[in-house]
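Peer 1: Supplied in structure tokens, the structure appears directly below.
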Amino acid sequence: MTAQVPAEPPYRQIAAELRAGIAAGDLRPGDRVPSVRQISARWGVAIATANRVMAVLRDEGLVVTRVGSGTVVADAPARRTAPRTPEPAPRAPRTPRRGLLPPALNLTAIRSTAVGIADREGLQSVTMRRVASELGVGPMSLYRHVATKEDLLLEMIQAIVSPADLPAEVSGEWRADLERIARLQWDLYRRHLWAARAISFTRPLLVPGLAAYTEWTLRALDGLGLSPRTCAREALSLHAIVNTAALAVGAENEAEQETGVSLAHWHRTQRDQTAELLADDFPRLAATPQDAFTDMEALFEYALARHLDGFAALLAARNTKPH
């Protein structure tokens, strides 16, 4: 007899198993639930997938984070799994152990907590309720500091991008400077994979750090004899190269969180089907090394170099025109 393969992604299967344990009383209010690392080891999934499990249980109100206790089963979880209605603020934590108290609630703590959630689990996991739960306060407490989810996102961007991150001066060598600013943005996106989705071209966030990146790029283009419009388009084109590569990395990270399957493992499972598809009708694709499509670091470096080659050609053509 062959077992039927569950249709749900691994993180939902694990969350369902833990949910059932809570409902059955195996885990009672106040009991610690398995940590992210314990979930990863026990079920053989990636840390990102284990983080997603915890996010589901928190969003359902089944677990809460308590200072000095870690993540525990919430009080009266059965009431919280009913159809969602506006909830009262969570109960005050039990008497703190060893004199520990919840950290003071301020904008810095809210920013840091929201960024931490996004870094671990993706932007979709950042909600007012989730941030409040991490901080051990009621959701309404956050609204004294951030009025909307959009305001929270703005604060998150301000937390990760600062004018102080940039070199004080440009070098005067346009290519070296443009490479430098592009790699700084790439490093930022690799540390915070969600940021590429949050930063818009058409409706830019009014954040000093973001404006500083663009201003620095425009300074690097000073003295080349280009119009302000051309300089602005170059700055945006350079950002687009970084953003596009970062979006691909972020999408792959989300896919791994969703399925628990790494990119390398996914390609191994698809190897035979891919070879069969490409063998006869797509010989050039079949002969292409796999890492040409999957190595995003190399692809970013290639795209950046070819873009700067093209920009150099633009400057050379402009300089050779008869006056």
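Peer 1: Need pairs with beta-carbon distance below 6 Å; first residue among the hydrophobic types (A, V, I, L, M, F, W, C) and within the range 1-30, second at pLDDT 85 or above and part of a loop (DSSP other than H, G, I, E, B); sequence gap 6+ or separate chains.
Peer 2: Filtered contacts from the range 1-30: ILE22/LEU62.
Peer 1: Something else: Of all residues in the range 280-304, which are over 26 Å from the mean Cα position of the chain (by Cα) and in a helix (DSSP H, G or I)? Can you show your working first?
Peer 2: Initially, the range 280-304 is screened for residues over 26 Å from the mean Cα position of the chain (by Cα), giving 280-289.
Residues satisfying the conditions are ASP280, ASP281, PRO283, ARG284, LEU285, ALA286.
Peer 1: Same structure, new question: Hey, among the residues in the range 305-323 that are in a helix (DSSP H, G or I) and open to solvent by 80 Å² or more (accessible area, probe 1.4 Å), which one's farthest from LEU188 (Cα to Cα)? I'd like the intermediate steps shown before the answer.
Peer 2: We begin by selecting, within the range 305-323, every residue in a helix (DSSP H, G or I); these are 305-320.
Then keep just the ones that are open to solvent by 80 Å² or more (accessible area, probe 1.4 Å); that gives 306, 314, 318-320.
Details: ARG306: 22, LEU314: 29, ARG318: 33, ASN319: 35, THR320: 38 Å.
For the range 305-323, the residue satisfying everything is THR320.
Peer 1: Let me ask you something else. Which residue pairs have Cβ atoms under 6 Å apart, sit 6 or more places apart or on different chains, and have a first residue in the range 292-311 that is on the phi > 0 side of the Ramachandran plot and a second that is modelled with pLDDT under 90 and part of a helix (DSSP H, G or I)?
Peer 2: none
Peer 1: (1) touching a residue at least 24 places away in the same chain (Cβ under 8 Å); (2) within 21 Å of GLU60 (Cα to Cα); (3) buried (at least 16 other Cβ atoms within 10 Å of the Cβ): which one isn't true of LEU153, the others all being true?
Peer 2: Condition (2) is where LEU153 drops out.
Peer 1: Another question, then. Please go through the range 156-173 and give me each residue that is loosely packed, with under 14 Cβ neighbours inside 10 Å and aliphatic (A, V, I, L, M), ordered by number.
Peer 2: ALA164, ALA168
Peer 1: Identify the single condition in (1) buried (at least 16 other Cβ atoms within 10 Å of the Cβ); (2) among the β-branched types (Val, Ile, Thr); (3) modelled with pLDDT under 75 that THR71 does not satisfy, given that it satisfies every other one.
Peer 2: (3)
Peer 1: For the range 107-142, give me each residue that is within 18 Å of the chain's Cα centre (by Cα) and of a type in the set (Gly, Ala, Ser). I'd like the intermediate steps shown before the answer.
Peer 2: First, the residues of the range 107-142 that are within 18 Å of the chain's Cα centre (by Cα): 110-128, 130-131, 134.
If the condition is that a residue be within 18 Å of the chain's Cα centre (by Cα) and of a type in the set (Gly, Ala, Ser), then SER112, ALA114, GLY116, ALA118, GLY122, SER125 are the ones that fit.
Peer 1: While we're here: Being open to solvent by less than 90 Å² (accessible area, probe 1.4 Å), aliphatic (A, V, I, L, M), in a helix (DSSP H, G or I) and under 13 Å from ILE181 (Cβ atoms) is the filter here; which residues of the range 198-238 pass it?
Peer 2: Across the range 198-238, the qualifying residues are LEU210, ALA212, LEU218, ALA220, ALA235, LEU238.
Peer 1: Here is a follow-up. Taking interchain pairs and intrachain pairs at least six residues apart, which have beta carbon atoms under 8 angstrom, with the first residue in the range 33-58 and farther than 20 Å from ALA255 by Cα and of a type outside the set (A, V, I, L, M) and the second part of a loop (DSSP other than H, G, I, E, B) and open to solvent by 20 Å² or more (accessible area, probe 1.4 Å)?
Peer 2: Listed by first residue and then by second, the contacts come to ARG42/PRO34.
Peer 1: Now a separate question. Just name the residue that is nearest to GLY223 (Cα to Cα) out of those in the range 295-304 that are of a type outside the set (Asp, Glu) and surrounded by 15 or more Cβ atoms within 10 Å (Cβ to Cβ). Show your work before the answer.
Peer 2: Taking the range 295-304 as the starting set, the residues that turn out to be of a type outside the set (Asp, Glu) are 296, 298-300, 302-304.
With the extra rule that they be surrounded by 15 or more Cβ atoms within 10 Å (Cβ to Cβ), the set shrinks to 296, 299-300, 303-304.
Values: MET296: 33, LEU299: 30, PHE300: 27, ALA303: 25, LEU304: 22 Å.
Filtering the range 295-304 for residues that are of a type outside the set (Asp, Glu) and surrounded by 15 or more Cβ atoms within 10 Å (Cβ to Cβ), the one nearest to GLY223 (Cα to Cα) comes out as LEU304.
Peer 1: Next question, about the same structure. Quick one: in the range 22-49, which of the residues that are outside any loop (DSSP other than H, G, I, E, B) and crowded, with 16+ Cβ neighbours inside 10 Å is modelled with the lowest pLDDT? Walk me through it before giving the result.
Peer 2: Taking the range 22-49 as the starting set, the residues that turn out to be outside any loop (DSSP other than H, G, I, E, B) are 22-24, 32, 36-43, 47-49.
Still in the list and also crowded, with 16+ Cβ neighbours inside 10 Å: 22, 36, 39-40, 43, 48-49.
Numbers: ILE22: 89, VAL36: 75, ILE39: 85, SER40: 77, TRP43: 83, ALA48: 69, THR49: 77.
By that ranking, first place goes to ALA48.
The values are calculated or read from the model by the stated rules, or taken from the named source; none is laboratory data. Everything numeric in this text was worked out from a predicted model, so none of it was measured. Glycine gets a Cβ as well: all are built from the backbone with ideal geometry, and neighbour counts include every protein chain shown. Surface accessibility is based on the protein's heavy atoms, side chains included, excluding ligands, DNA and RNA. Shrake-Rupley method; radii C 1.70, N 1.55, O 1.52, S 1.80 Å.
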